[in-house]
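The values are calculated or read from the model by the stated rules, or taken from the named source; none is laboratory data. Keep in mind that what you see is a predicted model, and the values were worked out from it rather than measured. For neighbour counting, all protein chains shown are included, and Cβ atoms are generated from backbone atoms with ideal geometry for every residue, glycine included. For the accessible areas, the whole protein counts, side chains as well, though only heavy atoms, and no ligand, DNA or RNA atoms are used. Shrake-Rupley method; radii C 1.70, N 1.55, O 1.52, S 1.80 Å.
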Amino acid sequence: MAPVELHASLQDQVLSYIRNFPNSACDQSLLYGLALVGVVSVFSLTASFLRLLSTLTVCGGYKLTKFGPKGSWAVITGASDGLGKEFALQIAAKGFNVVLVSRTASKLQALASEISEKYKVETRTVAMDFAKNDDSDYARLAQEVNNLDVSILVNNVGKSHDIPVPFAETDLNEMKDIININCHGTLRVTSLVIPGMMERKRGLILTMGSFGGLFPTPLLATYSGSKAFLQQWSTALGSELAPYNIKTELVLSYLVTSAMSKIRKSSALIPNPKNFVKSTLGSIGAQRGAKRAGTNTPYWTHAVMHWAIESFVGIYSGVALNVNKGFHVDIRKRALRKREREAKKQ
Ligand SMILES: NC(=O)c1ccc[n+]([C@@H]2O[C@H](COP(=O)([O-])OP(=O)(O)OC[C@H]3O[C@@H](n4cnc5c(N)ncnc54)[C@H](OP(=O)(O)O)[C@@H]3O)[C@@H](O)[C@H]2O)c1
């Protein structure tokens, strides 16, 4: 039989099978099976969308006073700028005293004065460089916080790559700083603060994650890995601390305007720190966007994006990985061109 005739006969057979479908008990079962899978998928997608809508509209989060009374203390790392500064301002505005921790003493003191004047709460400052991972810095921090009733910890300090860079070309110091600040810093500060929380049987630990850690992110591999580490650590820790009435939450974010993101203009997808932190403190425990326990994507456009990608594409899918790679390759090209222009000016 010629190939064209073979093709036509095969086509006839398929069409006849489809026309007569279902033509056996087996076909009938297949049909019911497919229909059932379809119904279950649509039902679960609809249920998860309705859940997302309810967390973004009617379901508020826990109030901060669930975790400690006004007048107790909040420790905020990376507190002198960006999201950390907003956490400090908004938590102090709710009547909590604040311990502000970051690198630059002058910035911390200016913020401490602003806070105590505006909100009439007590403040303490600790200037330390988390990149150094220095035992004596952690000893100074322990001295400051050990006798305080700390009810809230915001593990906010974080560092990303200066510009997107292939792992093979990543500077060793940048690599070490990211791990020291994002991982060691978060673990060491938390281990200073939790014994008191466990004794008092109450507390809240918010840790800043990132979409860069939620999705494997090529050209930010070290940052991506450090934030994924925090994701697992925070969720596991949350389960250990739940019997002590201590809540941990990993806070996920796409871009926010700040020195780190190098984005100045806010938009629907890129909020400013004030609006991002307002959403975070207004949705503690709501588990927006995320299907993972102990995780919250507080800002509404980020939550919708998180939900849509997890539901339709998959966080670890090749499609998500390739799109993310293309995005960061593009950012790297633009950053290198900018560097070149700046070098020529000098
Ligand atoms: N911005 C975003 O688009 C975005 C997106 C997702 C997740 N995040 C996460 O959100 C967190 C805050 O980011 P951000 O954008 O607000 O950052 P930012 O504006 O760059 O502020 C960083 C803060 O951390 C302090 N800091 C930096 N390096 C430090 C070090 N080695 N030791 C001690 N303090 C240090 C800075 O203090 P000094 O000023 O004294 O140096 C500053 O107060 C990070 O964990 C980040 O990964 C941000």
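General observations
- Taken together, 239, 234, 267 contain a single residue that is away from the ligand (no atom under 12 Å from the Cβ) and touching a strand residue (DSSP E or B) at 6+ places or on another chain (Cβ under 6 Å), which is 234.
- Scanning the range 313-346 for residues that are open to solvent by 50 Å² or more (accessible area, probe 1.4 Å), farther than 17 Å from residue 216 by Cα and either hydrophobic (A, V, I, L, M, F, W, C) or under 20 Å from the mean Cα position of the chain (by Cα) (or both) turns up 336, 343.
- If the condition is being within 12 Å of the ligand (Cβ to nearest atom) and crowded, with 19+ Cβ neighbours inside 10 Å, then the range 159-176 contributes 159, 160, 161.
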